[in-house]
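Input: a single structure, listed below in structure tokens.
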Amino acid sequence: MSSVVEPSRSELPAELSRWVMDAEWGDGEQIVTAGDPGDSCLFLDDGVVRLEVPGEHLDTDVVLGYLDAGEILGEIGLLDGQPRSATAIAEGPVRGRWLTRDALLRMTGEAPDLAVSVVRLIATDLATKLRATSGRLASVLEASAPDLVVEETVARGVAAQRALDAVPEDVMDAVIADLAEAFGAAAATLAARTVEVTHIGRVDHKTMKNAWAALGVHRSMAGAVGRGPLGGTDTVTDVAAPVGLVFGIIPVTNPVATAMFKVLSALRSGNAIILSFHRICLPLADEVGELVHTVLARHGLPVDAVQWVRERASRQRTARFMAHPDVALILATGGPGMVRAAYSSGTPAIGVGPGNTPCWVAADADLDQAAGSIIASKSFDNGLICGAEHNLVVDAAVVDGLLDRLAAMGAAVLDEDEAARFLDAVTTEDGTGFRPEVLGQSAQTLAGFLGISRPHEIQVLVFRADPDLSSPVTSEKLSPFLPVFTVDGDDAALGLCLALLDKMGTGHTAIVHTASEVRIASFADAVPASRILVNSPGSQGVCGLTTDLAPTLTLGCGTFGGNSTTDNVTWANLRNVKRIARVTPPHLEPILHLL
């Protein structure tokens, strides 16, 4: 097991048993959280513990390393009493024994020889970690040395790319059709595995998402020209060519569906691809990858046309993949930090941005349709879709009617006390964000934690709020709860929508519910959004299910949001287009007369 530290493997004195407390955790459970009081240490008896420092955004946590059985967690806090500097998470079942500072102090009086042995054990563990950290620092300073995993993976991808160049279009059509069918058949199984591995989202909705990412996306590309002549005019002919080896980043929120989409898109346009899954999703990577390899082998294509990073990826290794001269394009779906790294790598990249969709419900909106759309969208996969509604901006003339209809369709409209308790529970202690454990949990579960109940199963939690731009309430919320901001008239609505997007989500998506073409035009002209949905649910509209937008799981935000395109990114974005331009004699003759 690779680690920042080498395990000390020291044996604990048998007489220590009366001074410690046994404890155990399941896979993914937090043992300690950064900022917790440092008043104890844990002697690990069994299992592996991951140490990480939370990043600013989802998918950007920094993994410091891993502790194995025989090592000690939290000994520095035991000695200096300072708050925990990192979060510790169980990777699989973990058992250990806690020693508190109070117990150690009592031990010094009642069993001084034992106390000396324990302090020596802790000192030895700390010394081992310090030496290992020094070694790690030296390895960082030698970062220019080749990474064999990166070099070998890229080399195999380049070789596969050359082989794909000889694959006829009709053969590739058959390959992606079989892949889509295989993905579709495994949609439910992989959905259940995704929830089991990530602990977020809903199995039934992930099944739908996986099936659509396979069969729906395939329908949009079946029979299309991945490479070769695309048509044109009498004088200019467009010819498609692959971009080359693609590096595709896969997020924790939609790992299987995104992988399906990127594999189909890459192969349709004739490209080999390397997938980099979020570390939590590595078990899924193997299952998806082996399914793909089975289909590729059946058709005689090189299995290395689709590879995945099989080991825990570090930021350094991911950066090496992205900056590798033989990687032609990065398809970056992930947190803002990862997307920025992709754009900074020196390799062409197509990235995405965070959502924070304002949904304006105007005075003339069809409230039944608006309410139904909001519930269907924000409850889907427990609110994990970045293009879902994140803020309801509702005209004062219809706010009461909308809330009534939301409640009738499965929402819990919280009263002032319930809303205050809810926000206190889901917001971090420093008030700057939402607790990670609420990510992708059902509204019913979130309500149940606080004793909030309704006669029906709760689909979405809704509450009135002030649009405080310093509060996380006005930020992206990847969970099924929504604030309702009441506005008086169109100008106030537009102003708040702009302020919300300016805070977060610039370039992503905005929604309006109205019957007025004038309002639609004003809204579209004003908001910096790549997708402006009209009378549509957000989750289903952004990807083309309820609109005629291109089917995708990668939503560009354009220069509004620091991206390279506003497109619903598809296989067509993974092509180079060459243009054969024939001379036009009427334009040539005046040039020749100048000679």
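In square nanometres and to one decimal, what's the mean projected area of the convex hull around the Cα atoms of segment 427-559? Please report the intermediate quantities before stating the final value.
On the way: hull surface 39.7 nm².
Computing the convex hull of the Cα atoms and averaging its projections yields 9.9 nm².
Think of it as helices only: each DSSP H run of n ≥ 4 in the chain is worth -39500 (n - 2.57), and spread over all residues that comes to -12000 deg cm²/dmol at 222 nm.
Out of every Cα pair in segment 373-421, what percent are spaced more than 17 Å from each other?
Distances greater than 17 Å cover 44 percent of the Cα pairs.
Here's the picture: charge each Lys and Arg Cβ at +1 and each Asp and Glu Cβ at -1 in segment 14-141, and of LEU79, GLN30, PRO93 the one pushed furthest to the positive end of that dipole is LEU79.
Normalised by the residues of segment 320-390, what does the relative contact order come to in percent, with Cα pairs under 8 Å and at least six apart? Working shown, then result.
Values: 75 pairs, mean separation 19.2, N = 71.
Reported as a whole number, the value is 27 percent.
One decimal place: the segment ASP286-ALA23 gains 91.5 nm when fully extended, by the rule 0.36 nm per residue minus the C-alpha distance.
Taking a cut-off of 25 Å between Cα atoms, list the lysines near LYS209, but don't count ones fewer than 8 places away on the same chain. Straight-line reach from LYS209, under 25 Å: LYS262, LYS378, LYS477. Based on alpha-carbon atoms, the Kirkwood radius and the radius of gyration of segment 21-91 give Rg/Rh equal to 0.95. Here the Kirkwood formula, the inverse mean of 1/r across different C-alpha pairs, assigns segment 508-582 a hydrodynamic radius of 13.7 Å.
Taking Cα atoms of the chain, Rg/Rh with Kirkwood Rh, to two decimals? Don't skip to the end; give the middle numbers.
Values: Rg = 27.3 Å, Rh = 26.5 Å.
When Rh is taken as the Kirkwood radius, the ratio is 1.03.
Maximal additional length on extending the ARG315-VAL534 stretch stands at 74.9 nm, based on 0.36 nm per residue less the C-alpha distance. For segment 14-141, treating each Cα as an identical point scatterer without solvent, what Debye log10 I(q)/I(0) comes out at q = 0.11, 0.13, 0.21 1/Å? These q points yield log10 I(q)/I(0) values of -0.40, -0.56, -1.34. Take every Cα pair under 8 Å whose residues are at least 6 apart in sequence, average their separation, divide by the length of the chain, and the relative contact order is 13 percent.
Amide H to amide H distances under 5 Å link SER530 with GLY507, HIS508, THR509, where only residues 5 or more positions off or on other chains count and H is placed in the peptide plane.
Just to confirm a number: summing +1 for Lys and Arg and -1 for Asp and Glu over residues other than PRO83 whose beta-carbon lies under 13 angstrom from that of PRO83, what do you get?
Working: positive: ARG84; negative: ASP36, ASP39, ASP80, GLU429, ASP430.
The answer is -4.
At an R0 of 45 angstrom, the distance between the Cβ atoms of GLU15 and ALA132 translates into a FRET efficiency of 0.95.
Taking the Cα centre of the chain as origin and charging only Cβ (+1 Lys, Arg; -1 Asp, Glu), how large is the dipole, in debye to the nearest 20?
On the way: 44 positive and 73 negative charges, 347 e Å.
So the dipole magnitude of the chain works out to roughly 1660 debye.
Kirkwood Rh, segment 301-410, all Cα pairs: how many Å? Don't jump to the answer; show the numbers that get you there.
Working: mean 1/r = 0.0574 Å⁻¹.
Roughly 17.4 Å, rounded to one decimal.
Taking 0.36 nm per residue of sequence separation and removing the Cα-Cα distance, the LEU114/ASP204 pair yields an extension gain of 26.9 nm. For the pair segment 86-125 and segment 278-301, the centres of their Cα atoms are 44 angstrom apart.
If you take all other residues with their beta carbon under 14 Å from the beta carbon of VAL236, and give Lys and Arg +1 and Asp and Glu -1, the sum is +1.
Look at the alpha carbon pairs under 8 Å that are at least 6 residues apart: their mean separation over the length of segment 14-141 gives a relative contact order of 34 percent. For LYS503, give me every one of the aspartates and glutamates with a C-alpha distance below 12 angstrom, ignoring sequence neighbours fewer than eight places off in its own chain. List returned: ASP468, GLU476.
Normalising the Debye intensity of segment 163-214 to I(0), with uniform scatterers on Cα atoms only, and taking log10 at q = 0.26 Å⁻¹ returns -0.87.
For segment 24-32, 3J(HN,Hα) computed residue by residue from phi via the Karplus equation (6.51, -1.76, 1.60; θ = phi - 60°) reads 8, 9, x, 4, x, 6, 7, 8, 9 Hz, glycine and proline entered as x.
Read-outs throughout are calculated quantities, based only on the coordinates presented, and are distinct from any laboratory measurement. Note that this is a predicted model, so its numbers are computed, not measured. Counting neighbours? That spans all protein chains shown, and the Cβs are built from the backbone with ideal geometry, glycine included.
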